[in-house]
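The values are calculated or read from the model by the stated rules, or taken from the named source; none is laboratory data. As the structure is a computational prediction, the values presented were derived from the model and not from experiment. Quick reminder, even Gly has a Cβ in these numbers, built from the backbone with ideal geometry, and neighbours come from all protein chains shown.
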Amino acid sequence: MTTSSQWFERAQKVTPGGVNSPVRAFGAVGGTPPFMASASGPYLTDTEGKEYVDLICSWGPMILGHRHPAVLEAVQAALQRGTSFGAPSGGEVELAEEIVARVDPVEQVRLVNSGTEATMSAIRLARGFTGRNKILKFAGCYHGHVDALLASAGSGLATFALPDTPGVTGAQAGDTIVVPYNDLPAVEKVFAEIGDEIACVITEAAPGNMGAVPPLPGFNAGLKEITARHGALFISDEVMTGFRASRSGWYGRDQVAPDLVTYGKVMGGGFPAAAFGGRADIMQHLAPSGPVYQAGTLSGNPLATAAGLATLRHCTPEVYARLEEVSSTLGREVSAALSGVGVAHRVQYSGTMFSVFFTENAVVDFDDVQATESYRYTAFFHEMLRQGVYLPPSPFEAWFVSASHDDTAVNRVIDALPAAAAGAAA
Ligand code: PLP
């Protein structure tokens, strides 16, 4: 048997940091990440045979749990028919139809391979459609590793952004404007000054990437109103919330109709599939119907569309009811455990994604997030991990549950909480 430490050592020789996506390296919490060997229902099993209740669910896709029989069956059937055609296939149409049928403002979709591609392409389309260059995003919202979106606020309320990472040029970030989340007056101010230069506002429909920081009542509706008034597009990034917050995603909760929406995660059922879509008159600007270029060798891959379709079709009302029940139970129990040891905290929800902030104040934007006692999370996380509960290895990520989290799995998490809370208190 190769242990996780041995895998990690080997991995670091051949892959930067030993991982293929940074958060997996446990940089924020320290220690060696367990290397996973298999998964089933609500559980992950590492290479040493240790089982964990999975509260990441692959960062969202595994809404039905791991190895759901209907998804496996659909993928196995697709596998027999071929793994990639490079030509149109029926599964792509069915997946697009399934999305369009669920979300009224989405009249057409284009399938891509990742959430990053979806947001990147949606922004290109918004620029091509409006003939404008600038885009507005919110501090703390993550939309994948698109150059123009890896930008943070400069000094001042709404300055042009600075590159967030080496490799992104000033020019790439220079058309991005970053304002504080949940701050409509800041958005109004920018639009009052340069509204006719802004192609789009992009926002997480309900953020999970700075921890769960939901939109204040009226925030998304306000964005829609301001963008419409100025001829800019409103892009709702539902990569995390899509088909998770409800059958039609966050749109199903607030009914604010975006011009364009991005999806990923759940709609790929654990495979690389994502999409962007929206108003047909905008989508028609995409090649080959229109001039805005966008393409992909593996876009609409038959295995991915089969997994995505099977997943969406099995997201029944019972599934959503179970997600609500599990997330509210766990949030309540985490809160009770932390209260029991006198640790100030808040559990916040973006739909059924949730996270714990070590503060007693409301957390409504990224500055609030950064002001929390996030150092308390490290001990909490490691004690949960030791007891076989796999939480996000960062205090600023959301926890995800699945419909396969039955009472046994939930109770295992609850039983682990007192010792973890004691760790957070120390
Ligand atoms: N948008 C949001 C809201 C996300 O949470 C993510 C990933 O976590 C992305 C976009 C990027 O998706 P991907 O990692 O599939 O490129």
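Structure above, values below:
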{"read-out": "Some residue of the range 228-247 being over 30 Å from V71 (Cα atoms) and touching an Asp or Glu at 6+ places or on another chain (Cβ under 6 Å)", "value": "yes"}
{"read-out": "Residue match in the range 59-77 (condition: surrounded by fewer than 21 Cβ atoms within 10 Å (Cβ to Cβ), among the aliphatic types (A, V, I, L, M), closer than 17 Å to A273 by Cα and over 20 Å from the mean Cα position of the chain (by Cα))", "value": "yes"}
{"read-out": "Test: A379 is assigned by TED's automatic domain parsing to the domain that holds G31, out of contact with any strand residue (DSSP E or B) (no Cβ under 9 Å at 6 or more places or on another chain) and touching a residue at least 40 places away in the same chain (Cβ under 8 Å)", "value": "yes"}
{"read-out": "Pairs, first at negative phi in the range 262-274, second surrounded by fewer than 24 Cβ atoms within 10 Å (Cβ to Cβ) and among the acidic types (D, E), C-beta under 8 Å, six or more apart", "value": "A274/E117"}
{"read-out": "Residue that is surrounded by the most Cβ atoms within 10 Å (Cβ to Cβ) [pool: residues in the range 161-203 that are in contact with a Cys (Cβ under 8 Å, 6 or more places away or on another chain) and within 16 Å of A148 (Cβ to Cβ)]", "value": "I202"}
{"read-out": "Enumerated helices (runs of 4 or more DSSP H) restricted to the range 350-426, each holding at least 2 residues that are polar (S, T, N, Q)", "value": "407-425"}
{"read-out": "Conditions (1) outside any strand (DSSP E or B); (2) in contact with an Asp or Glu (Cβ under 8 Å, 6 or more places away or on another chain); (3) within 16 Å of the ligand (Cβ to nearest atom); number of the one not met by T311", "value": "(2)"}
{"read-out": "Test: A37 is in a strand (DSSP E or B) and either away from the ligand (no atom under 16 Å from the Cβ) or at positive phi (or both)", "value": "yes"}
{"read-out": "Selected residue [in contact with a helix residue (DSSP H, G or I) (Cβ under 8 Å, 6 or more places away or on another chain), closer than 19 Å to P258 by Cα, away from the ligand (no atom under 16 Å from the Cβ) and of a type outside the set (A, V, I, L, M, F, W, C)] from E97, E107", "value": "E107"}
{"read-out": "One residue from F8, F85 being surrounded by 13 or more Cβ atoms within 10 Å (Cβ to Cβ) and in a loop (DSSP other than H, G, I, E, B)", "value": "F85"}
{"read-out": "Filtered residues of the range 231-248 (kept if buried (at least 18 other Cβ atoms within 10 Å of the Cβ) and either more than 27 Å from W399 (Cβ to Cβ) or polar (S, T, N, Q) (or both))", "value": "A232, L233, F234, S236, T241, S246, S248"}
{"read-out": "Close pairs (7 angstrom Cβ cut-off, 6 or more residues apart or separate chains): among the polar types (S, T, N, Q) in the range 389-404, in a strand (DSSP E or B) anywhere", "value": "S404/G41"}
{"read-out": "The range 109-136 residues that are in the same structural domain as H285 (by TED's automatic domain parsing) and more than 19 Å from A280 (Cα to Cα), paired with ones that are more than 16 Å from the ligand (Cβ to nearest atom) and of a type in the set (G, A, S) (beta carbon under 7 Å, 6 or more apart)", "value": "R132/A199; N133/A199; K134/A199; I135/A199"}
{"read-out": "Boolean, R67 is within 18 Å of V401 (Cβ to Cβ), among the charged types (D, E, K, R) and either touching a Pro at 6+ places or on another chain (Cβ under 6 Å) or at pLDDT 95 or above (or both)", "value": "yes"}
{"read-out": "Filter result (loosely packed, with under 14 Cβ neighbours inside 10 Å and either free of Cβ contacts under 8 Å to residues at least 24 places away in the same chain or assigned by TED's automatic domain parsing to the domain that holds S248 (or both)) within the range 337-372", "value": "S339, E360, N361, A362, Q370, A371"}
{"read-out": "In the range 263-291, residue farthest from the ligand (Cβ to nearest atom) [restricted to those that are out of contact with any Lys or Arg (no Cβ under 8 Å at 6 or more places or on another chain) and of a type in the set (F, W, Y)]", "value": "F271"}
